[in-house]
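In what follows, a structure is listed as structure tokens, so that the remarks can point back to it.
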Amino acid sequence: MEIHQMSKELSTHLREHVSKWPATREDIVSACNNISDIPEEERQWVLKNLPAGTYDTPEDAEQVMLRGSVQG
């Protein structure tokens with residue numbers, strides 16, 4: 001799946017379901033895996049495009065994933 005734009009569901013999810021920011025990759029992946037409104041294909045996209053690290057805001061995480069999608 002090639003996503004060059006963050007889906008509305010994933011963007012909303014990052015803001016509403018990741019319990020605290022800054023958040024690590026593990027925090028984000030865990031939150032995505034436990035929410036049924038994020039399709040499996042999109043959860044896999046997050047795994048592929050979000051490198052290990054700590055992200056200060058949802059926007060930081062989104063920017064990194066989108067850059068990874070374009071490069072990868």
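The values are calculated or read from the model by the stated rules, or taken from the named source; none is laboratory data. Note that this is a predicted model, so its numbers are computed, not measured. Cβ placement follows ideal geometry from the backbone for every residue including glycine, while neighbour counts extend to all protein chains displayed.
Let me spell it out: the conditions are (1) out of contact with any Pro (no Cβ under 7 Å at 6 or more places or on another chain); (2) buried (at least 17 other Cβ atoms within 10 Å of the Cβ); (3) at pLDDT 85 or above, and LEU14 meets all of them except one. Which number is the exception?
Tallying (1) out of contact with any Pro (no Cβ under 7 Å at 6 or more places or on another chain); (2) buried (at least 17 other Cβ atoms within 10 Å of the Cβ); (3) at pLDDT 85 or above, LEU14 fails exactly one: (1).
Criterion first (at pLDDT 85 or above and either surrounded by fewer than 17 Cβ atoms within 10 Å (Cβ to Cβ) or within 10 Å of the chain's Cα centre (by Cα) (or both)) does PRO39 satisfy it?
Against the criterion (at pLDDT 85 or above and either surrounded by fewer than 17 Cβ atoms within 10 Å (Cβ to Cβ) or within 10 Å of the chain's Cα centre (by Cα) (or both)), PRO39 does not qualify.
Among the numbered criteria (1) among the basic types (Lys, Arg); (2) out of contact with any helix residue (DSSP H, G or I) (no Cβ under 8 Å at 6 or more places or on another chain); (3) surrounded by 12 or more Cβ atoms within 10 Å (Cβ to Cβ); (4) at pLDDT below 90, which one does LYS8 miss?
Against the list (1) among the basic types (Lys, Arg); (2) out of contact with any helix residue (DSSP H, G or I) (no Cβ under 8 Å at 6 or more places or on another chain); (3) surrounded by 12 or more Cβ atoms within 10 Å (Cβ to Cβ); (4) at pLDDT below 90, LYS8 comes up short only on (3).
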